[in-house]
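The structure appears below as structure tokens.
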Amino acid sequence: MAMVLMEALQSRTAEPTGQGLTEAEVRARRARGEGNDVEPPTSRTYWQIVRANLFTVINSILVGLGAALLIMGRVSDAIITAGIVVINAVINTVQEVRAKRQLDRIALLVHPQVTVMRDGERVTVHPREIVRGDLLIAQPGDQIVADGRIIGAGRLEVDEALLTGEAEPITKAADDTVHSGSFCVSGSAQYLAERVGAASLINGLTASARTFRQVRTPLQREIDLLMRLLVVIVAFIGLLFALVTQFNHTPLTEGLQIAAVLAGLIPNGLIFMVTIAYAIGALRLAESDLLIQQTNAIESFSNVDILCLDKTGTLTANRLELHALAPLALEEQPFRELLGAYTASVSAHNPTSTAIAAALDGQTRAVCGEIPFNAARKWGALTLADGTYALGAPDILFPSADLPSEPLRSWIGQGLRVLLLARFPDGLPSQSGATLPRLPAKVIPLGLIALREELRPEAPATLHELANAGVAVKVISGDHPTAVAALARQVGLGKDLRVVSGTELDALTAEQFAQVASEGTIFGRITPQQKARLITALRSRGHYVAMIGDGVNDVLSLKEAQVGIAMQSGSAAARAVADIVLLRDSFAAVPRAFAEGQRIVTGLRDCLALYLVRLAYMILAILAIGLIVGSFPFSPKNTALISFLTLGLPTYAFVAWGQTGVQRRRGVIGGLIPFIVSGGLMMTLLILASFVVVYAAVLDWQPPGPHSALLAAHADDAARSALTTAAVLGGATLIAAMHLPFHSWGVPTTMRARLRPTFLAVGIVGLYTLILAVPTLRTFFELVLLPPSAYAALVGAVAFWAFGLWLLWRTRLTERLLGLAG
């Protein structure tokens, strides 16, 4: 603040005369860095994007192992090890590059030529050539290119909609502040450039809009933490096996294969699956006229518990219609004719005058003088042949206490916009020079006008859907809070609404502000700065906030919210920073985004359960078999086959089968602990028994037949084949049981949803049988054909194992042991 005051004092002491600056002064100020040629920074460089997505610790390990395997001639193992990393990195890089280009295109300040006084003459220059202290001239149609103040006797009507969202022009006279980014609607004046370049308001907004924002969802944070923990665990296990291979003089190729399997324990496929789930959700929502710009916003939406929105464009259609008239000093027909003529004759129409003129079909009359309507003073006036008339807010034009209480009170209570048509007997007030027009001492009220904002027909149903989903709606508007509350009640937002005014918020401490933000429902007369502060306060209270906005004044709020939603008809800046764009400007599509977020979360929850069960049994099996047999139980191709059949195919299916209407959970992994523990331990017992029994049988049992010599020579290969078979059969059983109603982690309600995983499990077993039957496929995946009796024994063991797993789930023994039963 002190710096701003100092700059203001310096600019006033250096205030130029009407001659403007000299060229020498301009050069000196530009040399001091006081020019207007500062370009707002871009979001991120391309190198930063590539580095963040490709050169991670996990990616580097897997790509390095892939390169080593490729050098050793293990091409297929190299592709399996490193291929998923490259695909995932490319997808994420493309997405972030697209987001960068959108942000870099934001330009809130257009670059027309501007007129400036230099050496006593008017000169047309590019805005970049302006320096602090220049004297600029604004005329109708010009954009203000620097923050400053009006100098001299000129007057301007400026449109600050780009900055504030309010479309009504504002009068500016001597010493009034003008902001860069606003437009001159009418009038002419000189203004002194006091803040230019990065210090100007519009450039500050541009820099904020271009700032890269990456909101990680709760699920993404959980997965990221899991990945970091797994890196530590796998690195420790890898160190142990590195020592073992060193002491046992294990060949380099075999050592690299072991390293590849261990690195594969880090579930990069899960990250890729998240990307696929987001892409599927984006395609689904595209059919509902929702453009997804940040794909994780779909999943993020499932966590939203508060949706903030403006009244205009969401609850209402941004259109007014005439509701009723209440003549006071005239009969109804003369009053209608006069009001129609007034609104038809004004020089600049706004939504209010347009709605009245359309309803009354008034005749245009000759205008002898005019004071245009202004949002700051809330009235405008015309001088016609038969007198001077004014139209504006009743409490401004005439004391409300002297107006009839009815229907005024009733209309305000209904949320209607009320205006007063009045007569100025003494003619049009003076507005010459820098003096603002003042209301005359005598005003005669002629009649009241009630306008109704057209409510969106889909608003009540949409609010009902959001309420059923547990999402609280808060309306944040620049309009009068009482009127906003009345409209909110009409669309079914509720009867017991806490209404808060922006002036009340200004007097609160930070703690009180956060409390009111959390408890309030309707916020009226709110500035753009207060809007962003409300979002921040809600987040500080632990809420997950979505924000719908459409103007430049909403940019900061959209970036502050966890989910930013913009209207297609809104400003380019709002669309660029938003995560989701409503292509038809209707927030009726928002509940569909919420439902799709639930689909993604429930689908990824099932995928995550399968990934973590596989991770648990592989780590336990590697350690147990290494201790018992002294052998490494998996090869890269065995692992790839198990992953493809029990993870790759099922996770695509589960993402597509995600359910809606599931209760919101903030901790996805925590809710899966019983399934992970029970499934992981039981799968470990199954594959451990399969490996050890077959390994021992090959060494100790030499039955006659075509398979005996092969089995005796390849005890490890036979045991790995048995382990792979057990893992596939056990994994298929887990998949079939995912949606059955005897466990505690969410149950779909339809029989079809319960049976689909069973059909998938049958298909997985059939595909594995085909691989065993085709010699080429069997050889590629390094499998050997076991005797029929061995497969029969494996099937019987899996059936017995499945019964034990069912009993474990049915009795909820795992939950009781872990203290999670409740």
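Please state the shape class of the range 483-543: rounded when a/c is under 1.5, otherwise prolate if a/b exceeds b/c and oblate if not, all from the C-alpha gyration tensor.
Prolate.
As a test question: what accessible area, to the nearest 10 Å², does Asp479 have when a 1.4 Å probe is rolled over all protein chains in place?
40 Å²
With every protein chain present, what accessible area does Asp361 have (1.4 Å probe, heavy atoms only), rounded to the nearest 10 Å²?
Here the accessible area works out near 110 Å².
State to the nearest 20 debye the size of the charge dipole of the range 563-612 about its Cα centre, where the only charges are +1 on K and R beta carbons and -1 on D and E beta carbons.
60 debye
Under the rule a/c < 1.5 gives rounded, and otherwise a/b versus b/c splits prolate from oblate, where does the range 287-357 land using the Cα gyration tensor?
Prolate is the answer for the range 287-357, as a/c is 1.5 or above and a/b outweighs b/c.
Using the per-residue mean of other Cβ atoms lying within 10 Å as a proxy for protection, in what order, highest first, do the peptides 380-390, 787-797, 300-310 fall?
Per-residue Cβ counts within 10 Å, averaged per peptide and sorted highest first, yield 300-310, 380-390, 787-797.
Under a point-charge model restricted to the Cβ atoms of Lys and Arg (+1) and Asp and Glu (-1), what is the dipole moment magnitude of the range 570-694 relative to its Cα centre, in debye to the nearest 20?
For the range 570-694, the charge dipole is close to 180 debye.
What FRET efficiency, computed as 1/(1 + (r/R0)^6) with R0 = 35 Å and r the Cβ-Cβ distance, is obtained for Thr503 and Arg365, rounded to the nearest 0.05?
Once the sixth-power term is evaluated, E becomes 0.30.
Probe radius 1.4 Å, ligands and nucleic acids left out: which of His543, His464 has the largest accessible area, and how do the rest follow?
His464, His543
Rounded to the nearest 10 Å², what accessible area does Cys368 have for a 1.4 Å probe in the complete protein model?
Cys368 has an accessible surface of roughly 100 Å² with all protein chains in place.
Protein chains only, probe 1.4 Å: how do Thr312, Thr124 rank by accessible area, largest first?
Heavy-atom accessible area, descending, gives Thr124, Thr312.
Cβ neighbours within 10 Å, averaged per peptide: list 345-356, 676-687, 771-782 in order, most packed at the top.
Taking the mean over residues of other Cβ atoms within 10 Å, the ranking is 676-687, 345-356, 771-782.
Which Cα, out of Thr521, Ser477, Gly492, lies furthest along the positive dipole direction of the range 451-532 (beta carbon charges, K/R +1, D/E -1)?
Of the options given, the answer is Gly492.
Quick check: pseudo-label points 7 Å beyond the Cα along Cα→Cβ at Ala441 and Ala510, how many nm apart are they?
If labels sit at Ala441 and Ala510, their model points lie 5.2 nm apart.
Could you order Thr462, Thr536 by accessible surface area, starting with the largest, using a probe radius of 1.4 Å?
Ranking Thr462, Thr536 by accessible area, largest first, yields Thr536, Thr462.
Please list, in chain and number order, the residues 5+ apart from His543 or on another chain whose amide H is under 5 Å from its amide H, with Hs placed from the backbone.
Answer set, sorted by chain and number: none.
For the range 582-653, what class follows from the C-alpha gyration tensor (a ≥ b ≥ c being the square roots of its eigenvalues): rounded when a/c is under 1.5, otherwise prolate if a/b is larger than b/c, else oblate?
Because a/c hits 1.5 or more and a/b exceeds b/c, the range 582-653 counts as prolate.
Sort out for me the Cα centre separation of the range 276-347 from the range 481-498, rounded to whole Å.
Here the answer is 16 Å between Cα centres.
Using only alpha carbon pairs under 8 Å that are at least six residues apart, calculate the relative contact order of the range 358-505 and give it in whole percent.
18 percent
Between Asp305 and Arg51, take the C-beta separation as r, use R0 = 41 Å, and let me know the FRET efficiency to the nearest 0.05.
After rounding, the FRET efficiency stands at 0.70.
Taking H placed 1.01 Å from N in the peptide plane, check which residues at least 5 places from Arg319 or on another chain put their amide H under 5 Å from its amide H.
Glu454
The values are calculated or read from the model by the stated rules, or taken from the named source; none is laboratory data. The structure presented is a predicted model; accordingly, all values stated were derived computationally and were not measured. Glycine gets a Cβ as well: all are built from the backbone with ideal geometry, and neighbour counts include every protein chain shown. These accessible areas exclude ligands, DNA and RNA; they are computed on the full protein's heavy atoms, side chains included. Shrake-Rupley method; radii C 1.70, N 1.55, O 1.52, S 1.80 Å.
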